[in-house]
């Protein structure tokens, strides 16, 4: 089945986001720097199904919210296809 690798990839995406608040530099980054950092970490982890357009950074008061939302698609058998929707968010305290 082609669906299992999709969930394994999503597990990596979730892990990258969960590790983000542990980096002391992240609280001082701009929106663009945050987006680029997440994208680079995903590429290092061999996640190629998430593009920079899937990564959104929302600035709030003393917090940045990083959201990764994407829909991998693929073929199961013949003309039977699947679409899986994933959305992960992490809040990062700013300084």
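The values are calculated or read from the model by the stated rules, or taken from the named source; none is laboratory data. Computed from a prediction, not measured in an experiment: that's the story for all the values here. Using ideal geometry, Cβ is built from the backbone for each residue, glycine included, and neighbour counts are taken over all protein chains shown.
The residues listed here are 57, 90, 50, 68; of these, the one that is part of a loop (DSSP other than H, G, I, E, B), at pLDDT 95 or above and surrounded by 12 or more Cβ atoms within 10 Å (Cβ to Cβ) is 50. Residues that are more than 13 Å from the chain's Cα centre (by Cα), more than 20 Å from residue 85 (Cβ to Cβ) and in a loop (DSSP other than H, G, I, E, B) within region 1-47 comprise 23, 24, 25, 29, 30, listed in sequence order.
Take residue 95 and tell me if it is in contact with a helix residue (DSSP H, G or I) (Cβ under 8 Å, 6 or more places away or on another chain), at pLDDT below 95 and surrounded by fewer than 14 Cβ atoms within 10 Å (Cβ to Cβ). Taking the combined requirement at face value, the residue satisfies it.
Among what's in region 74-87 and is assigned to a strand (DSSP E or B) and surrounded by 12 or more Cβ atoms within 10 Å (Cβ to Cβ), pick the residue that is nearest to the chain's Cα centre (by Cα). The selected residue is 86.
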